[in-house]
Amino acid sequence: MIVPTMAEMMAQGKQPEVLFWVGAAGSYDDRAKKISRAFVKILHQANVDFAVLGTEESSTGDAAKRAGNEFLFQMQAMMNIEVLNGYEVKKIVTCDPHSFNTLKNEYPELGGKYEVFHHTQFIQNLISEGRLKIDDTTLKGKRVTFHDPCYLGRANDVYESPRELIKRLGVNLTEMKRNKSTALCCGAGGAQMFKDAEKGDKEVNVLRTEDALETKPQIIATGCPYCNTMMTDGIKFKEKEAEVEVKDIAELIAEANNL
Amino acid sequence: MEYLPNIFFALALALGFGFFAMNIRKLSRNIKLGKDVNRKDRKPERLKNMMMIALGQSKMIKRPFSGFLHIIVYVGFIIINIEVLEIIIDGLFGTHRVFQGVLGNGFYAFLIGFFEILAALVFVAVVIFWLRRNVSNIKRFLSKEMKGWPKSDGNNILYFEMVLMSLFLVMNATDTVFQQAGIGNPISQFIEPLFDSFSPESIHMIERSAWWIHILGILVFLNYLYYSKHLHILLAFPNTYFANLNPKGQFNNLESVTTEVKLMMDPDADPYAMPAEGAEEVVPEKFGASDVADLHWVQLLNAYTCTECGRCTSACPANLTGKELSPRKIMMDTRDRLEEVGRNIDANKGVFVDDGKQLLNDYISPEELWACTSCNACVEECPVNIDPLSIILDMRRYLVMEESAAPQELNMMMTNIENNGAPWQYNQQDRLNWKDEE
């Protein structure tokens with residue numbers, strides 16, 4: 001798979017249209033890596049001139065900040081900003097709503113001002129510009145429900161672009177009882193991904209999976225690598241792996257377009 | 001002698017408003033114990049928020065049933081103030097139904113008739129509220145932070161409103177002249193027959209008593225506010241005005257940290273530099289919040305504004321799955337501690353004397369704080385734009401940056417970010433390996 005880096009681009013004297021911010025999950029997590037690859041396939045199909053930072057990318061610091069470690073967050077932010085500004089990056093796209101939120105909202109005050117897109121917004125733009133089409137026959141008629149990531153939805157009011165894309169797949173989109181601004185967290189945000197949950201009577205991801213299962217879906221669509229992991233675990237917990245798949249919207253589009 | 005009631009009335013009014021003003025000053029002083037935060041920008045947006053959310057109740061109706069009942073009580077409260085104004089003028093000048101002459105029979109009849117209908121609707125709404133709180137099993141009214149005073153406070157407010165509305169209707173029903181005129185009495189005309197067997201003197205006595213108890217009750221209720229969650233009827237307005245306008249996911253960047261990090265990352269900075277001769281010793285700021293004075297004033301205003309409705313808690317994923325965290329309790333604890341600090345200052349002639357307590361641990365436990373997923377459901381739900389998440393984050397910052405007291409797994413995660421640029425222990429050189437795996 002061809003994934004150019006900013007360093008290579010610079011060596012050739014080129015400035016790509018957009019930087020793909022892969023994020024730690026998208027780089028290292030086996031499940032999330034598939035989302036990164038699916039998204040790159042889409043970028044290639046639409047002939048998007050993009051690059052990644054590769055080994056020069058580092059954690060945005062989102063998890064550190066939300067865990068309360070503002071020092072570590074700002075150190076990460078300032079290092080990343082130095083790299084991004086060094087490459088004169090203007091436009092960033094990412095599949096991770098946490099990176100999206102941090103780059104978009106928290107970096108500007110520290111000197112990092114970029115136009116930041118979640119991959120669902122970016123893909124939607126590609127479609128409206130006529131650069132990409134989604135084949136609506138492959139997944140036709142499948143029952144799909146969408147889980148809103150908190151850091152995309154409530155945190156940044158992005159509710160429509162993921163839904164628009166799902167509808168273009170020709171599938172049957174059903175909403176959970178808690179959706180959009182009232183959606184339930186997957187349980188991973190605020191650095192919960194990296195620790196055991198506090199004592200309670202249930203795991204958050206199990207409760208959210210129950211919300212999803214009530215819609216009797218064949219596919220649970222997500223737009224966040226952490227939500228993806230949490231919902232996948234929830235489905236395993238409920239022993240529904242045979243009936244229900246958890247897929248990122250980028251993966252669904254890549255699948256629909258046979259990429 | 002004939003001016004005695006007027007003098008007594010003026011005295012009661014002065015006493016009621018005076019005591020209230022005193023408490024408002026205390027309230028304002030307590031809120032100012034918080035740190036500064038700039039919420040004076042973007043005035044048109046702020047005004048719009050206040051108009052929509054506080055005045056227009058736009059977030060209340062997200063739960064239609066309680067939202068609708070609340071609007072009845074709210075409109076009743078606003079409108080009834082015109083009636084209170086008439087009572088005050090009558091009381092001070094010894095007039096009777098002074099607006100009748102001023103506004104003319106027709107308009108006056110319309111107004112009072114409207115008030116009577118509202119009063120009856122408010123009474124019904126309040127009874128339903130009481131039933132919801134005390135009879136039906138609504139989970140958010142049964143949480144453990146709602147035991148004791150918070151529960152009786154909620155009920156007291158409802159009793160107050162029931163009594164005040166009844167007195168208003170009885171006062172109209174026993175006003176013989178008003179009833180005989182037959183204008184503006186759509187509800188009270190049905191109450192009037194109850195007093196048929198009474199002598200005219202007794203009916204007049206009842207009318208006067210209802211009138212007096214009604215206005216004195218209002219003055220008592222006014223002064224009850226400061227001690228009650230009912231304070232929201234006043235503070236919802238400034239609270240929505242000064243609320244955060246940034247995207248909910250945007251957490252503030254601590255400036256004190258920025259300065260330190262910049263210094264740390266500056267290759268030209270001299271690590272052994274001494275402060276210049278005569279320069280003031282700079283006391284390093286505390287990072288994060290362990291007590292109310294470490295929070296900013298809007299967070300403290302939030303605490304006083306909280307109506308303890310529990311919509312936040314009923315949407316909180318941690319709370320829904322049985323964890324200790326309840327965003328409502330975070331707000332109630334903050335107010336309780338702030339009140340305690342305020343009383344401490346009053347008792348010590350204007351200065352706070354260390355009482356060996358703080359918001360962290362004595363009120364809010366680290367377990368509650370670490371259960372938060374920062375999902376913003378509580379912030380989204382609050383009908384008056386309170387932000388419990390910002391308090392949770394500031395307290396986590398204290399735990400991590402001042403006490404190094406993060407859960408062990410989070411310390412590992414942070415060490416990994418520091419060393420490898422990712423929350424997991426992978427080599428940064430492997431960051432692009434995914435492109436060659438299939």
- Carbon + sulfur, % of accessible area of the stretch B:80-149 - ligands and nucleic acids excluded, 1.4 Å: 75 percent
- Task: Convert each backbone phi in the stretch B:25-37 into a coupling constant with the Karplus relation 6.51 cos²θ - 1.76 cosθ + 1.60 (shift: θ = phi - 60°), then list the ³J(HN,Hα) values in order as whole Hz, x for Gly and Pro.
- Result: 5, 5, 4, 5, 4, 4, 5, 6, 5, x, 6, 7, 8
- Top mean-square fluctuation among B:Thr313, B:Thr240, B:Thr373, Gaussian network model of chain B, C-alpha springs under 10 Å? B:Thr373
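Grab the other residues whose beta carbon is less than 10 angstrom from that of A:Asp248, score K and R as +1, D and E as -1, and report the net.
Counting the neighbours of A:Asp248, the net charge comes to +2.
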- Of B:Ile391, B:Ile88, A:Ile2, B:Ile7, which has the most accessible area with a 1.4 Å probe, and how do the rest follow in descending order? A:Ile2, B:Ile7, B:Ile88, B:Ile391
- Would you mind classifying the protein assembly as shown by shape? Square roots of the alpha carbon gyration tensor eigenvalues, ordered a ≥ b ≥ c; an a/c under 1.5 is rounded, otherwise it is prolate if a/b is larger than b/c and oblate if not. prolate
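Going by a ≥ b ≥ c, the root eigenvalues of the Cα gyration tensor, does the stretch A:1-113 fall in the rounded group (a/c under 1.5), the prolate group (a/b larger than b/c) or the oblate group?
In terms of gyration-tensor shape, oblate.
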- Query: Over all residues in A:77-84, what is the mean tally of Cβ atoms on other chains that come within 10 Å of each residue's Cβ?
  - Reply: 2
- Task: Could you tell me what percent of the accessible area of the stretch B:164-295 is made up of carbon and sulfur, with a 1.4 Å probe and every protein chain present?
- Result: 63 percent
- Item | Estimated dipole of the stretch A:117-229 in Debye, rounded to 20 [Cβ of Lys and Arg +1, of Asp and Glu -1, Cα centre] | 260 debye
- Task: Name the residues whose placed amide hydrogens come within less than 5 Å of the amide hydrogen of A:Thr5, ignoring near sequence neighbours (fewer than 5 apart) on the same chain.
- Result: A:Val52
- Item | Highest-MSF residue in chain B out of B:Gly249, B:Gly184, B:Gly288 [GNM, Cα springs under 10 Å] | B:Gly249
- Message: Sequence gap at least 6, Cα distance under 8 Å: using those rules, report the relative contact order of chain A to the nearest whole percent.
- Response: 20 percent
- Can you give the relative contact order of the stretch B:306-357 as a percent, counting alpha carbon pairs under 8 Å and 6+ residues apart? 24 percent
- Note on the structure: Here the net charge surrounding B:Lys286, from other residues whose Cβ is less than 9 Å away from its Cβ (Lys, Arg +1; Asp, Glu -1), is -3
- Query: For chain A, what does the alpha-carbon gyration tensor say about shape, rounded, prolate or oblate, given a ≥ b ≥ c as the root eigenvalues, a/c under 1.5 as rounded, and a/b over b/c as prolate?
  - Reply: oblate
- Output ³J(HN,Hα) for the stretch B:129-141: one whole-Hz value per residue in order, computed from phi by the Karplus curve 6.51 cos²θ - 1.76 cosθ + 1.60 with θ = phi - 60°, and x for Gly and Pro. 4, 4, 5, 4, 6, 10, 10, 7, 8, 8, 4, 5, 8
- Query: What residues have an amide H closer than 5 Å to that of A:Asp248, excluding those fewer than 5 places away on the same chain, when H is modeled at 1.01 Å from N in the peptide plane?
  - Reply: A:Thr222
- Query: Applying the Karplus parametrisation 6.51 cos²θ - 1.76 cosθ + 1.60 with θ = phi - 60° to the phi angles of the stretch A:88-102, what ³J(HN,Hα) value in whole Hz is obtained for each residue in order, glycine and proline being reported as x?
  - Reply: 6, 5, 10, 10, 10, 10, 8, 8, 10, x, 6, 5, 3, 5, 5
- Query: When only Cα pairs under 8 Å and 6 or more residues apart are kept, what is the percent relative contact order across the stretch B:1-144?
  - Reply: 26 percent
- Could you state the angle between the C-alpha long axis of helix B:64-93 and the longest principal axis of the C-alpha atoms of chain B, as a value from 0 to 90 degrees rounded to the nearest 10? 50 degrees
- From the residues B:Asn49, B:Ile71, B:Asn38, which one has its Cα farthest along the dipole of the stretch B:32-79 in the positive direction, the dipole being from +1 and -1 charges on Cβ of Lys/Arg and Asp/Glu about the Cα centre? B:Asn38
- Round to a whole number: what % of the accessible area of the stretch B:301-438 belongs to carbon and sulfur, probe 1.4 Å? 44 percent
- Message: 5 Å is the cut-off here: which amide hydrogens, built 1.01 Å from N in the peptide plane, fall below it relative to A:Val116, excluding neighbours closer than 5 in sequence?
- Response: A:Ile92
- Treating only the Cβ atoms of Lys and Arg (+1) and Asp and Glu (-1) as charged, compute the dipole magnitude of the stretch B:1-126 about its Cα centre; round to the nearest 20 debye. 1200 debye
- Task: Determine which lysines satisfy two conditions relative to B:Lys144: a Cα distance under 26 Å, and not lying fewer than 8 residues away in the same chain.
- Result: A:Lys199, A:Lys202, B:Lys59, B:Lys62, B:Lys229, B:Lys323, B:Lys329, B:Lys357
- Query: What is the mean number of Cβ atoms from other protein chains located within 10 Å of the Cβ atom of each residue in peptide B:239-247, rounded to a whole number?
  - Reply: 1
- Just add up the charged neighbours of A:Ala77: K/R +1, D/E -1, any other residue whose Cβ is under 12 Å from the Cβ of A:Ala77. -3
- Task: Using the Cα centre as the reference, give the magnitude of the dipole from point charges on the C-beta atoms of the protein assembly as shown (Lys, Arg: +1; Asp, Glu: -1; all else neutral), rounded to the nearest 20 debye.
- Result: 1880 debye
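Return one whole number: the accessible area per residue of chain A in Å², for a 1.4 Å probe.
Here the residues of chain A average 36 Å² of exposed surface.
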- Burial ranking of peptide ranges A:215-227, B:116-128, B:148-160 (average Cβ count within 10 Å, highest at the top): A:215-227, B:116-128, B:148-160
- In a Gaussian network model over chain B where Cα atoms closer than 10 Å are linked, find which of B:Ala273, B:Ala289, B:Ala371 has the largest mean-square fluctuation. B:Ala273
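Would you tell me the mean number of C-beta atoms belonging to other protein chains that fall within 10 Å of each C-beta in B:421-430, as a whole number?
That works out to 6 on average.
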- Message: Which one, B:Leu219, B:Thr258, B:Leu92, projects farthest toward the positive side of the charge dipole computed for chain B from Cβ point charges (K/R +1, D/E -1)?
- Response: B:Leu92
- Message: For the interface of chains B and A, what total accessible area is buried with a 1.4 Å probe, rounded to the nearest 100 Å²?
- Response: 5800 Å²
- How about chain B: what cysteines have no other cysteine beta carbon under 4.7 Å from their own? B:Cys306, B:Cys309, B:Cys316, B:Cys372, B:Cys382
- Note on the structure: In chain B, taking the dipole from +1 charges on Lys and Arg beta carbons and -1 charges on Asp and Glu beta carbons about the Cα centre, the listed residue (B:Ile233, B:Ala210, B:Ala109) farthest towards the positive end is B:Ala109
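The values are calculated or read from the model by the stated rules, or taken from the named source; none is laboratory data. Quick caveat: nothing in here was measured; it's all calculated off a predicted structure. Here Cβ is always computed from backbone atoms with ideal geometry, including for glycine, and neighbour counts include all displayed protein chains. Protein only, heavy atoms only, side chains kept; ligands, DNA and RNA dropped before computing areas. Shrake-Rupley method; radii C 1.70, N 1.55, O 1.52, S 1.80 Å.
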